[in-house]
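Working notes, structure below.
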Amino acid sequence: MKQHLSVTKLISLNSYWFGLSFLWNSLHPIILPAILLSYVPAANKNTYLGLLSFLGLILAMVVQPLSGSISDRSTSRWGRRVPFIAIGTLSDMVIILFVTFTHTLLGIFMGYIALQISSNIAHGPMQAIIPDMVSEKQQGLASGIKNFMDVAGVIAASLLAGSLITPTGTGSDRIFVVIMVILGITALITILAAANRNDENKALKLPSNIKIKELFKIDKQAHPVFVNLIQTRFIFLLGVYGIQTFAQYYIGDVLQVENAVKTTGSVMAVIAGALVVSVLIAGWLIERTGPRKLMNTAMMLTALGSMVLFFIQEIGTFTIVAGFIGAGMGLYLTSNWTVAVKLAPTEQAGKFMGLTNLATAGASAVGKLEGPFIDLANRWEAGAFWGYRLMFLFSVLCSLVSFYLYNHSLKKHDHSSG
């Protein structure tokens, strides 16, 4: 029987999510696009950014569930998840130091790939913290806190990274130091909160060997709703992550702002603010309406926002609409995560929650492949930038398809269960 945990304890357990969010929301939308401009041709910048981050995220898709499954079998006296969080974080710091002092495209590529591996060694087991330690009654609240930490990391990254780095990528050493400090502090808080809690999991018996083909396999007959959750999460996030990845280049090329890096940070801050509000609302509403209505609202709100972006030509309106999309994401991620936590079997929480990353990192990875198509479509008509406009339409399509498949699958499941 899991004990009732204080809000302070729940915050401590989830604090590392702030560090991870700060790392990746500094790196992907702000730091990496700015740095690459010094090394790649401007006409192909979306292609280089997309392919580089695609390769790294493919590794994340493999490492995260593998690390989660290995941690399921851990017998460490510190707890099943803690050693992986510690090792991953220490490795992150070494790699970030390397990237700070490298001044070549190859060095950036190697550092980014290595960081995807090391960070996801910690990330996979971290996703099992809530199922491991939080009672079912508190899992909705814990999921809300987890998503709040994610959003707080976005806000901090938007404000700090956007102001510390210039449009040409100089100043990246300062933001990398900040990233290392935040990662270290938040990891330590979570480690101290989660350590020595292996007592509740000693009775769990799993095979010591891990078969790779079994690692990514879920019995569809036994877990149909979880499988549907992963599939629709992937489709929904695919459209949104494409916009996030190439936003800085869109803001510079189409909206013609003077400092695209700083403006991207400001837009992200607005999105994150909307996320905060929607996450808090979602945590309260889930207990009253259930997650299904919230997910449906989120998908339709995101579809509408993406459609409006197709017609926008100035930064003020773009920022407002981006905020509405951020609100939709907040509703979606909180409700979706709550369902995943409740559906994950206790004895395989590391594997199942790691597999949600097949949707998260998988969508982010595939979304990066929009880069070459954006560059190609942008050449169709000078000044029209059709590549970015098609990117927005693709997000609309992804939201609508996800909405249809999610509800269609649940109707079939409800009918077969009844």
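At-a-glance table
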| read-out | value |
| --- | --- |
| Boolean, Gly50 is modelled with pLDDT under 90 and farther than 18 Å from Ile175 by Cα | yes |
| Some residue of the stretch 87-100 being surrounded by fewer than 18 Cβ atoms within 10 Å (Cβ to Cβ), among the aliphatic types (A, V, I, L, M) and under 28 Å from Ala344 (Cα atoms) | yes |
| Count of residues meeting criterion [aliphatic (A, V, I, L, M) and not in a helix (DSSP H, G or I)] in the stretch 21-47 | 2 |
| Options Gln248, Gln231, Gln244; residue that is surrounded by fewer than 19 Cβ atoms within 10 Å (Cβ to Cβ) and either on the phi > 0 side of the Ramachandran plot or modelled with pLDDT of 65 or more (or both) | Gln231 |
| When residues of the stretch 366-389 are limited to those that are closer than 14 Å to Asp253 by Cβ and among the aliphatic types (A, V, I, L, M), the one surrounded by the most Cβ atoms within 10 Å (Cβ to Cβ) | Ile374 |
| Test: residue in the stretch 48-65 that is outside any helix (DSSP H, G or I), out of contact with any strand residue (DSSP E or B) (no Cβ under 7 Å at 6 or more places or on another chain), in contact (Cβ under 8 Å) with a residue 12 or more places away in the chain and crowded, with 24+ Cβ neighbours inside 10 Å | no |
| Yes/no for Ile145 being among the hydrophobic types (A, V, I, L, M, F, W, C) and closer than 27 Å to Phe54 by Cβ | no |
| Ser135 being of a type in the set (Ser, Thr, Tyr), within 30 Å of Leu331 (Cβ to Cβ), surrounded by fewer than 24 Cβ atoms within 10 Å (Cβ to Cβ) and in contact (Cβ under 8 Å) with a residue 40 or more places away in the chain | yes |
| Condition check for Val270: touching a Gly at 6+ places or on another chain (Cβ under 7 Å) and crowded, with 23+ Cβ neighbours inside 10 Å | no |
| Unmet criterion (only one of (1) over 18 Å from the mean Cα position of the chain (by Cα); (2) more than 20 Å from Met353 (Cβ to Cβ)) for Phe22 | (1) |
| Filter result (more than 13 Å from the chain's Cα centre (by Cα), in a helix (DSSP H, G or I) and not aromatic (Phe, Trp, Tyr)) within the stretch 240-261 | Ile243, Ala247, Gln248, Ile251, Gly252, Asp253, Ala260, Val261 |
| Test: residue in the stretch 111-125 that is surrounded by fewer than 24 Cβ atoms within 10 Å (Cβ to Cβ), of a type outside the set (A, V, I, L, M, F, W, C) and more than 30 Å from Gly323 (Cα to Cα) | yes |
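The values are calculated or read from the model by the stated rules, or taken from the named source; none is laboratory data. All figures in this text were calculated on a predicted structure; none of them were measured in a lab. Here the Cβ is made from the backbone with ideal geometry for all residues, glycine too, and neighbour counts use every protein chain on show.
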